[in-house]
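The values are calculated or read from the model by the stated rules, or taken from the named source; none is laboratory data. None of these values were measured; they are calculated from a predicted model. Quick reminder, even Gly has a Cβ in these numbers, built from the backbone with ideal geometry, and neighbours come from all protein chains shown.
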Amino acid sequence: MRRPNANKTKKSVAKRFKITATGKALRRSAGRRHLLETKSSKRRRRLRGAASVDATDLARVTESLPFNHRG
């Protein structure tokens, strides 16, 4: 009997995270989706670009991406 979801990529995770060559995971900054007019330019600049995933969450992200060939 086959285990359910064995070695399958979680597509929702694959769309949200990128694994770097050194094995770190990158994510989007929170608070950058809507209501940007009320946020200051300084705050919007700070939210630009990708942020790295905390070490406490990294294991969960990489477990959901079994074929990233970097972990």
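Observations, loosely collected:
- Odd one out for THR22, checked against (1) in a loop (DSSP other than H, G, I, E, B); (2) loosely packed, with under 10 Cβ neighbours inside 10 Å; (3) modelled with pLDDT of 95 or more: (3)
- Among the conditions (1) of a type in the set (Gly, Ala, Ser); (2) in a helix (DSSP H, G or I); (3) modelled with pLDDT under 95, the only one that SER12 does not satisfy is (3).
- Matching residues, the stretch 37-69, being surrounded by 13 or more Cβ atoms within 10 Å (Cβ to Cβ) and part of a loop (DSSP other than H, G, I, E, B): LYS39, LEU47, VAL53, LEU65, PRO66, ASN68
- Inter-residue pairs, beta-carbon under 6 Å, first under 17 Å from GLU63 (Cβ atoms) and in the stretch 16-27, second part of a loop (DSSP other than H, G, I, E, B), 6+ apart: ILE19/ASN68; ILE19/ARG70; GLY23/ARG70; GLY23/GLY71; ALA25/PHE17; ALA25/VAL53; ARG27/PHE17; ARG27/VAL53
- Odd one out for LYS10 among (1) among the charged types (D, E, K, R); (2) closer than 16 Å to LEU65 by Cα; (3) exposed (fewer than 10 other Cβ atoms within 10 Å of the Cβ): (3)
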